[in-house]
Every structure is written in C-alpha cells, then in structure tokens.
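What follows is one structure encoded as structure tokens, with my remarks underneath.
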Amino acid sequence: MRIKIISPDRKLYEGECVSVYVTTELGDAEILEQHAEFVAIIKGKIKVRGKEKGEKIEDEKVGVKKEEEEIDLGSRKALFYTNGKEINIFVI
C-alpha cells in the first residue's frame, strides 16, 4: 500500500507500507491494505510499518530501509484518507 504524508510546505514521507497506526479523535486505528474507505482527523504520532524502501524527505535520506517509521505531529493535526490501496495524510 502506498503512503504519502504532506505538509503545506513540503512532502514529509512517501513510500510503501504494510500498515499504518494512527490516533484519531475517537481513538486508535490501524489501517491495513484493502481497508474500507476511511477519513479522520488524526493527532500525535503516525507509525508506518514498511515493506519496501521509503523516501524520508525531511532528513534528506533516500532509500531508507526500516521496519517501522514514526512521524510525530507534535501539537499539529492532520487529515487522514485511505481508499484501501493508498493512504494520504495532509498535515494541517
């Protein structure tokens, strides 16, 4: 499943993943491939469990290969959307 995390000024993360773990306004959620369409406001940390190479733009590393990546939103919130094939997260 493809994931993109974008802020107003730059792309924070883009890569392939097996699952994504987020905290919504109503509680925690883990999104796997083939998940039903899902839209939520998220906060806190985003945990991305990868299966292939990802590109972490904020550290200017290309081809980062990690089992799990954690992106901390701090006090910011984000709009989360998935259609089961890809995930888009827009940081507010």
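The values are calculated or read from the model by the stated rules, or taken from the named source; none is laboratory data. Because the structure is predicted, anything quoted here is derived from the model rather than measured. So basically every Cβ, Gly included, is an ideal-geometry build from the backbone, and we count neighbours across all protein chains shown.
Just so you know, in the range 68-92 the residues that are of a type in the set (D, E, K, R) and more than 14 Å from Cys17 (Cβ to Cβ) include one that is nearest to the chain's Cα centre (by Cα), and it is Asp72.
As a summary of the residue check, Gly50 satisfies the conditions (1) buried (at least 16 other Cβ atoms within 10 Å of the Cβ); (2) at pLDDT 85 or above except for the one numbered (2). One residue stands out in the range 14-40 among those that are within 12 Å of the chain's Cα centre (by Cα) and acidic (Asp, Glu): the one that is farthest from Lys77 (Cα to Cα), namely Glu16. Of everything in the range 3-15, what is out of contact with any helix residue (DSSP H, G or I) (no Cβ under 8 Å at 6 or more places or on another chain) and either surrounded by 14 or more Cβ atoms within 10 Å (Cβ to Cβ) or among the hydroxyl-bearing types (Ser, Thr, Tyr) (or both)? Give them in sequence order. Result: Ile3, Lys4, Ile5, Ile6, Ser7, Gly15. When we screen Val62, Val22, Val39 for residues that are at pLDDT below 90, of a type outside the set (D, E, K, R) and over 11 Å from Arg2 (Cα atoms), the only hit is Val62. Of all the listed residues (Glu86, Glu30), the sole one being modelled with pLDDT of 90 or more, in contact with a Ser or Thr (Cβ under 8 Å, 6 or more places away or on another chain) and under 16 Å from Arg2 (Cα atoms) is Glu30.
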